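Trainee: What follows is a structure written as structure tokens; I'll ask about it next.
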Amino acid sequence: MSATLPNDLKARPAWTPARMVLLDIDGLRYDVFQDALQAGRIPNLAGLLGGQRLEKGIQFNAISTLPSITYTCQASTATGSHPRQHWIAGNMFFDRFGRLNNGKPRKYQFDFLDAPAVFMKGLAGEAINPEIDTIYETARRYGRTSTVAFNMYALGATHWLKPGLDDWRLFASVTQKDFGEKYDAYMVQDVLRHLQEGHRPDLLMLYFFGLDHESHLHGPQVQESYLTEVIDRQVGEFLEAYQQLGLMPGTAFCIFSDHGQIAVQNDDLHALKVGFLFDREYGYVFEGLDIDVDDAPLENANCDAILCPNGGMAHVYLRKKGESWQEPPQFDEVQRLAHAFWESNQDGKYSQELKGALSLIALRDVEHEGWYAKYFIYTPEALHPIETFEAMHPELQLQDAGSRLHYLTSPVSGDILLFANYREGYSFSLLPYKGIHGGLHPEDSQAVLAFGFPTASPDQVEALKGALSTAVSQRCRAEGRQPSNADVALGVRLVMGWDG
């Protein structure tokens, strides 16, 4: 199953591109891309869209999933579905039902301990809800081929170009100078080698990891120079070779990012987590309530609570006293824990260093409402719908919070959601970064989404732009949301003539 097109859009424009190339730029902020485009500083990317005026393309004001973090976002771009449907709730999340672990609950840490298994065993792709198709499975069903380069999701792809041993050695030394540029250069080289060997994928995905990495280490202010001086040049090298192979005519392009980034404080005090031994941080909150939290290496599900950090937010999972993880926790206990987080945030109870670290605390009642229960914002006085609370607190600067919370809730999302206080520089991170994402702020939520048809005729371009605009607007209206990551796959299926 995949996100399908509205029935009245099944009759498409007469022209269907021969193939499509996806340029996936991790972490690229919408404003950085837009400013560089209008300033004429990304000629290769701009050329795919017909220049600053988009004479050969169309762009959407897209936003990210919640959390606005890589594995969740990339699952939505690969499937066209929301976290509520594909069940990838973050880079780190907890599967209390053990779907891929013989029924044993399992914590996933895709960007940490599970990183090797993501590429060696396809772990991230296997974790997607099996009822949801990737665009590569859709392509295969239509008899078309696909190649994925360095992306974590390749389920159904004809070929998957994975990082090699040299790339992994580079990945392990992330502080090395020019790491991001070198890593992406290897990816482009592997793609060109693949094409020179005679492969002609109908759908080709190039995943640029480096900008997000450099922005984490040095802050979002480096994005503009990295985009204009590194990525656009690498895209140009790819396009030159692609043109020489005679593949440009009839090729459509999609340029997109999964999320943005926001600047935070890069010190241990502002990098929130459940500490270990002497530096307990949120461990003190659980300890104060006599709740055994996962706070030791490899403890996994052998505890009563788990906190999974995801940059701008964290999932908190609570086990029902004396029962298995599969049983819904008692809502009274969920509220008790939420209140403890609120106290630690208001006056530093349990730990003074946690005072003012959070902007929002959300919770849901799965005991009475089931595993798709709605999230509410917690205060001691009342539980507030996010829309009401946001209207009361415009200073929070939330981006489409209501629909994103709705489309997050699933059997693998947290019983409590903690949102870091970006205004004071906090984040949920194992490492102190200068740039972060994962939350609801416009800076880490707004993303790039553009489609380009550089070799199409003016009539063909207008027909495709019209069809894309109508399809995205109709779907967003039906789902009560803004354009998002999920509309990448919608656009791919529409442009390529696949119903999904």
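The values are calculated or read from the model by the stated rules, or taken from the named source; none is laboratory data. Everything numeric here is computed off the predicted structure, so don't read it as measured data. So basically every Cβ, Gly included, is an ideal-geometry build from the backbone, and we count neighbours across all protein chains shown.
Trainee: Would you mind telling me which numbered condition in (1) over 23 Å from R29 (Cβ atoms); (2) at pLDDT 95 or above D268 fails?
Mentor: With (1) over 23 Å from R29 (Cβ atoms); (2) at pLDDT 95 or above applied to D268, the lone miss is (2).
Trainee: Here is a follow-up. Only one of these is at pLDDT below 95, acidic (D, E) and more than 29 Å from R200 (Cα to Cα): D31, D8, D35. Name it.
Mentor: The unique qualifying residue is D8.
Trainee: Does S457 meet the test of being under 26 Å from H406 (Cβ atoms) and outside the structural domain of K273 (by TED's automatic domain parsing)? So that I can check it myself, show each step before the final result.
Mentor: Numbers: under 26 Å from H406 (Cβ atoms): no; outside the structural domain of K273 (by TED's automatic domain parsing): yes.
The answer is no for S457.
Trainee: Sticking with this structure for a sec: Check every one of the helices (runs of 4 or more DSSP H) wholly within region 42-104 and list those with 3 or more residues that are surrounded by fewer than 24 Cβ atoms within 10 Å (Cβ to Cβ). I'd like the intermediate steps shown before the answer.
Mentor: Numbers: elements: 43-49, 70-79, 83-86.
Here the list reads 43-49.
Trainee: A further question follows. For E214, which of the numbered conditions (1) assigned by TED's automatic domain parsing to the domain that holds P163; (2) under 30 Å from D294 (Cα atoms); (3) among the charged types (D, E, K, R) fails to hold?
Mentor: Status for E214: all satisfied but (2).
Trainee: May I ask you to list the residues in region 305-340 that are surrounded by fewer than 24 Cβ atoms within 10 Å (Cβ to Cβ), closer than 30 Å to E443 by Cα and not hydrophobic (A, V, I, L, M, F, W, C)?
Mentor: If the condition is that a residue be surrounded by fewer than 24 Cβ atoms within 10 Å (Cβ to Cβ), closer than 30 Å to E443 by Cα and not hydrophobic (A, V, I, L, M, F, W, C), then H339 is the only one that fits.
Trainee: Can I ask one more? Given the conditions (1) part of a helix (DSSP H, G or I); (2) over 30 Å from H213 (Cβ atoms), and given that L490 satisfies all but one, which numbered condition is not satisfied?
Mentor: In the conditions (1) part of a helix (DSSP H, G or I); (2) over 30 Å from H213 (Cβ atoms), L490 misses (2) alone.
Trainee: I'd like to check something: does region 163-175 contain any residue that is modelled with pLDDT of 95 or more and under 28 Å from R19 (Cα atoms)?
Mentor: Going residue by residue through region 163-175, those that are modelled with pLDDT of 95 or more are none.
No; the residues of region 163-175 include none that is modelled with pLDDT of 95 or more and under 28 Å from R19 (Cα atoms).
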